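Quick notes on the structure that follows.
Rule-based calculations on the coordinates, nothing more; no lab input. This structure is a prediction, so every number in the text was calculated from the model and none was measured. Here the Cβ positions follow ideal geometry from the backbone for every residue, glycine too, while neighbour counts run over all protein chains shown.
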Amino acid sequence: MTKQEIAEILGDIGILLELKGENPFKVRAYQAGARVVESLEEAELRRLIAAEELESVKGIGGALAQKITELATTGRLAFFEDLKASIAPGLVEMLQIPGLGPKKIKALHEKLGIGDIAGLAQACAEGRVAALDGFGEKTQEKILAGIKNREAYGRRHLWWDAWEVSESILGSLRALPQVRRAEAAGSLRRGLETVGDLDFIVAADDSGPVIDWFTSLPEIKEVTAKGETKGSVRFESGLQADLRVVPAKQFVFALHHFTGSKDHNVQMRQRALARGLSLSEWGLVASGGEESVKEKVAGGQPMAGQGEEARTEAALFGLLGLCYIPPELREGLGEIEAAERGELPRLIELADLRGAFHNHTTASDGHNTLAEMTAAAEKLGWEYLGIADHSKSSVQAKGLGEERLLAQVREIKALNASKRFRTHVFSGAECDILADGRLDYDDAVLAQLDCVVASVHNAMTQDETVMTARIIRALENPRTTILGHLTGRLLLRREGYRVNVGKVIDAAIANEVIVELNANPQRLDMDRRYWRKAAERGLLCAINPDAHRTEGFAFLLAGVTAARKGWLTREQVFNTRPLAAVKTYFS
């Protein structure tokens, strides 16, 4: 069983336990364990299991270690199977209905015998849900609406799409006269590949006009909640957005809290308690007594560090003895300990990039010419641009045969010699890795190129062993410069092909091949979870937009966000190097 399959089962156990009303600490232990397993490389997980050292990993206790070992070695877990058998199959599916959490689902099942969405819809139609304590007519109406729209509303959205919506709303929020500060929070701010909803935190003294503006946006399909300080809406795309308005003195605490993640927040609260403080979205106050943080703040208890120095998240972290933790790292996976030691990396920034190597023109399936792509790169201030049109086997993408490819090489040389653009163009190809691991061009042709991006585009149903050997053979070809989109995944559309990522990383390091972080928002491949340890071992990253038109260069922002989430620094990314250094590397 793969690490991803193990992580999914641990996550499922957490959900099932929550549906049964188990201890929240037990639920969180499985959820955290799933994230820890995901963060490990496949080979490292196997080594830890074989050496019986799983318990040495933070977040994995004895019980979890035993279950992970059982899953990895036998492919099944009796505890999980028994747990599933004890819960009606349709209850988990009911979690897809907005507003229905495990507690309400448990009540519906126990009091009305509802075991699936069809039964829930019937009970609502008959008015039985409204009659239950804690539900009522409004809740019943919302459940019915949620059932009707769950297919559209339940799906996640690409980070890029959510970011575009967020930027538009933020710009307008900050222009409102009542608004003093406004930021996006949640999984968008943490840079997750896909986003379920948007969270906006606003500091304003008069919340009414802000809520009114937000719930009146023209793109809204449904206003799901509207109160004095909070509004919730759904857009036509199904994307949900929540807006919270807080006093200026609470803004930093609310922003930190609603940025998350749950594990990060739990660890931060524990750290505060160890220092005699209580931390929540309402503030940071001295602990003790039975009042909540909200009640203490409302009662006038002074907040820790409420002076000028506490108006930023950096100040909040400082009050707890930590250096600033970038939002992308706030996953409860060691960032707090690193911040305490002062060992957090200086993460890569978009401005660090000097160009990119995987881009397409009208010679294959691109939408802009070589000159147009170069002009756009120059406008962005890029020192260099790599062209990597598809190779001949990608017939569907108008792949280039040898003659057309070499003609493009001559065109690129002539363009550079003309000095028409300040941006230097590197000749290359996105060369198909054939089913047996050979490259789509012979060595004589590949030798004419500055850069070869080797990618898999067909025969994606090969089993893991065959696919892994296929890619490794391509990496062992001395002409291969960069490995493109390692797993071939398309987020929210297609899972990646089966491949042993750890072995591929090992081969890339051994053969000094750069691995791409494909910045196309549908790819973001190689996945962020592999980068931290791989880069520490010397793997070099190239963040490439895989641009098929000039506007595609903007995708580098998504790539940099994913790279930051993978703890990557400027030094670990190849296309932060100046032109002269890149020329030397390619020579």
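Details
- Taking every DSSP beta bridge that has both ends in region 350-586, the antiparallel portion is near 10%.
- Ellipticity estimate at 222 nm from DSSP helix runs (n ≥ 4, -39,500 (n - 2.57)) divided over the chain, nearest 500: -13000 deg cm²/dmol
- Relative to the 2.2 N^0.38 Å rule of thumb, region 485-539 has a C-alpha radius of gyration ratio of 1.11.
- Within region 125-186, GluC sites (Glu not before Pro) in DSSP loop having at most 13 other beta-carbon neighbours inside 10 Å: GLU126
- Cross-link partners of LYS221 among aspartates and glutamates (Cα-Cα below 20 Å; sequence separation of 8 or more within a chain): GLU141, GLU151, ASP161, GLU164, GLU167, ASP197, ASP199, ASP212, GLU236, ASP242
- Total charge dipole magnitude, the chain, about the Cα centre, Cβ charges on Lys, Arg, Asp, Glu only, Debye to nearest 20: 560 debye
- Across region 35-78, Cα-Cα distances exceeding 15 Å account for 34% of all pairs.
- Where labels lie 7 Å past Cα in the beta-carbon direction, separation of VAL223 and GLU5 in nm: 5.0 nm
- Counting only whole DSSP H helices of the chain, the ones at least 20 Å long by C-alpha along their axis and with mean Kyte-Doolittle hydropathy no lower than 0.0 are 3-19.
- Rule-of-thumb Rg ratio for region 3-85 [Cα; 2.2 N^0.38 Å; N residues]: 1.02
- Label-point separation, LEU490 to GLU167 (7 Å along Cα→Cβ), nm: 2.4 nm
- Projected label distance in nm at SER86 and ARG438, using a 7 Å step from Cα toward the beta-carbon: 5.8 nm
- Residue-span extension gain [LYS26 to SER237] - 0.36 nm each, minus C-alpha spacing: 72.4 nm
- Farthest positive-ward along the chain dipole, Cα basis, beta-carbon charges - from ILE433, GLY342, GLY115: GLY342
- Pairwise FRET efficiency - ALA248 versus GLU93, Cβ, R0 = 41 Å, nearest 0.05: 0.45
- The order of THR423, THR576, THR73, going from fewest to most other C-beta atoms within 10 Å of their C-beta, is THR73, THR576, THR423.
- Here the dipole of region 414-456 is about 520 debye; that uses its Cα centre as origin and unit charges on the Cβ of Lys and Arg (positive) and Asp and Glu (negative).
- Within region 529-558, trypsin sites (Lys or Arg not before Pro) in DSSP loop having at most 14 other beta-carbon neighbours inside 10 Å: ARG537
- Think of the chain as a dipole: +1 on every Lys or Arg Cβ, -1 on every Asp or Glu Cβ, centred on the Cα centre; then among ALA272, GLY496, ILE472, ALA272 lies furthest on the positive end.
- Ascending count of other beta-carbon atoms within 10 Å, so fewest first, for ARG46, ARG489: ARG46, ARG489
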